[in-house]
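Shown next, in structure tokens, is the structure this report addresses.
The values are calculated or read from the model by the stated rules, or taken from the named source; none is laboratory data. Keep in mind that this is a model prediction, so the values were computed, not measured. For neighbour counting, all protein chains shown are included, and Cβ atoms are generated from backbone atoms with ideal geometry for every residue, glycine included. Heads up: the accessible areas ignore ligands, DNA and RNA and are worked out on the full protein's heavy atoms, side chains in. Shrake-Rupley method; radii C 1.70, N 1.55, O 1.52, S 1.80 Å.
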Amino acid sequence: MHILHLTDLYRPSVGGLENHVEAVSRAFLELGHRVSVITVGAPGLPESQDVNGVAVHRIRGWSSALTRLHDDPARPF
């Protein structure tokens with residue numbers, strides 16, 4: 001099975017949401033599934049990469065245009 005997670009934040013950001021999605025992704029990998037994550041991109045991060053077996057794809061979301069409104073521009077949540 002190919003499982004797709006959609007999340008606002010993922011590695012290298014570290015927090016509860018990121019840790020949860022990563023843990024669930026790892027569990028699905030251990031069961032033999034393919035796992036992909038689509039998340040919001042951030043400056044300096046690749047658009048696509050493999051992170052410990054998880055295919056991570058970063059896209060430009062409309063929230064990334066509002067970074068000046070966030071406490072931390074690297075975390076447009």
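Among the residues of the stretch 1-33, the ones that are over 19 Å from Gly44 (Cα atoms) and either among the basic types (Lys, Arg) or outside any loop (DSSP other than H, G, I, E, B) (or both) come to 19 in all.
Considering only residues in the stretch 10-29 that are within 14 Å of Gly53 (Cβ to Cβ) and among the small types (Gly, Ala, Ser), the one that is farthest from the chain's Cα centre (by Cα) turns out to be Ala27. Using the structure shown, decide if Phe77 is among the aromatic types (Phe, Trp, Tyr) and modelled with pLDDT under 90. Judged against the criteria, Phe77 is a match. Taking the criterion of being open to solvent by less than 90 Å² (accessible area, probe 1.4 Å), touching a strand residue (DSSP E or B) at 6+ places or on another chain (Cβ under 6 Å) and among the charged types (D, E, K, R), the residues of the stretch 1-58 that qualify are Asp8, Arg58.
Would you pick out the residues in the stretch 30-43 that are on the phi < 0 side of the Ramachandran plot and either small (Gly, Ala, Ser) or more than 16 Å from the chain's Cα centre (by Cα) (or both)? Scanning the stretch 30-43 gives Glu30, Leu31, His33, Ser36, Gly41, Ala42. Identify all residues within the stretch 1-53 that are of a type in the set (Val, Ile, Thr) and out of contact with any Pro (no Cβ under 8 Å at 6 or more places or on another chain); write none if there are none. Of everything in the stretch 1-53, those that are of a type in the set (Val, Ile, Thr) and out of contact with any Pro (no Cβ under 8 Å at 6 or more places or on another chain) turn out to be Ile3, Thr7, Val14, Val21, Val24, Val35, Val37, Ile38, Thr39, Val51.
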